[in-house]
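Any read-out appearing in this document is the output of simple, stated calculations on the displayed coordinates, not a laboratory observation. Note that the structure is predicted; figures quoted are calculated from it, not measured. Here the Cβ is made from the backbone with ideal geometry for all residues, glycine too, and neighbour counts use every protein chain on show.
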Amino acid sequence: MMVATTTHAQGVIDVHTHIITPEFVSALESEGRLLDEGFPLPKWEAEAQLQWMDEAGISTSVLTIAAPLPTSAKVIRETNEAAAKLKREHPGRFRFCAALPLPDVNAAIEEARYALDVLDADGIKLATNSFGQYLGAPELDTLFSFLNERNALIILHPHRPEPVNRQVMRQTPLAMQEYLSETTRAVSNMISRNVLARYPNIKVVVPHCGAYLPLMVPRMRSLTPVMQANHLVGDIDWKANLSALYYDLAGAHSPEVIRMLLSITMPDHLLYGSDYPYIDRQVLIKGLQRMRQYLTEEHDLAPYKDLILYKNAERLLGRSDKPYKIVR
């Protein structure tokens, strides 16, 4: 049983879960795109997620639309409204970041405005690319300007690269490697155009343990002077760009991975994420138990345990409602 009280342990806040409504699935089926990402969509129901959250000790989950992105702006609106309804019906349990109908930038701005002003969205979900339009592209500057005015939280998620080598995709499914490349590609593209420095009020959550960013950042920084000397990139404010980035630990988290992330960020920028419902429920529960254990036993990481499990997310989301507490 979950109750709003201050006498029990604070539950975990999960910033990486997905809403997969029947309407969303039907739309993709009608477009012939159910397998665009190379594997079938998992089953999802709100009540099943709530049950899993109770079992795992998670107080709050942040919902975002799954991949692939529908072509229909109507379906995207309906999915955002479904997430908003869950947030209203289960206060303190669900939060959500709204999807946008990109690559239509004007329509995306209007949907972001509606989601933030009317639906009480907690932020915006952006795909690494929307039908070939990659984050960092100049045509997205007007959208980022609007989101900057709104001090928006953005949650990133990888989608199938565009174009895609289908032979490679068949041999090595996207989730095994390319999603990490795709995430790194989008973030590095934003950094190379100084996007996050130019729009300093935006905060961006990078999924899957930061993908390859701990390797990419030092390489990119070392090569920046050479690229600038050849007029291939402009000014890059590394401090401003990196300070805008937060990292969820969905996927293959470990003490070693966290230490690698701490080479490019601070402990208050790390967040718990599960990737529910894409991973088996019991696997996720055991993974969270393992995280709790090593965040308790590893002396250099122990001071960051509560930050990673809920405090950083609580601050990032700007929780105004009373957080739920887990009753054991």
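Seen from ASN106, the other residues with C-beta closer than 14 Å to its C-beta sum to a net charge of -4, counting Lys and Arg as +1 and Asp and Glu as -1.
Binning the C-alpha pair distances of the chain at 10 Å intervals from 0 yields a P(r) profile of 6, 27, 36, 24, 6, 1, 0 %, listed from the shortest bin outward.
Classify segment 180-265 from the C-alpha gyration tensor, please: rounded if a/c falls under 1.5, else prolate or oblate depending on whether a/b exceeds b/c. Prolate shape, in that a/c is at least 1.5 and a/b is the bigger ratio. For the cross-link pairs LYS239/LYS311; LYS125/LYS311; LYS43/LYS311; LYS43/LYS74, the ones whose C-alpha atoms lie over 28 Å apart are LYS43/LYS311. Be a star and scan segment 60-84 for residues whose amide nitrogen sits under 20 Å from the point 7 Å along the Cα-to-Cβ vector of LEU35. Under 20 Å, as judged by backbone N against the label point of LEU35, lie 67-71 of segment 60-84.
Using only side-chain charges placed at the Cβ, +1 for Lys and Arg and -1 for Asp and Glu, the dipole size of segment 13-316 relative to its Cα centre rounds to 520 debye. Charged neighbours of GLN51, selected by a Cβ distance under 11 Å, balance to -3 (K, R count +1; D, E count -1).
For segment 18-83, trypsin sites (Lys or Arg not before Pro) meeting the loop criterion (DSSP other than H, G, I, E, B) and having at most 10 other Cβ atoms within 10 Å: LYS43. In terms of packing, defined here as the mean over residues of other Cβ atoms within 10 angstrom, the peptides 248-260, 188-200 line up highest first as 188-200, 248-260.
Given q = 0.21 Å⁻¹, what are the Debye log10 I(q)/I(0) values for segment 207-328, with equal point scatterers placed on the Cα positions and solvent ignored? Reported log10 I(q)/I(0), two decimals: -1.26. Going from the fewest other Cβ atoms within 10 Å to the most, the residues LEU41, LEU232, LEU284 appear in the order LEU232, LEU41, LEU284. In plain terms, the residue of VAL217, VAL62, VAL233 with the fewest other Cβ atoms within 10 Å comes first and the most crowded comes last, giving VAL233, VAL217, VAL62. Between ASP120 and ASN230, the modelled label-to-label distance comes to 5.3 nm, taking each label 7 Å out from Cα in the direction of the beta carbon. The sum of -39500 (n - 2.57) across all DSSP H runs of n ≥ 4, divided by the residue count of the chain, sets its helix-only mean residue ellipticity at 222 nm to -12500 deg cm²/dmol.
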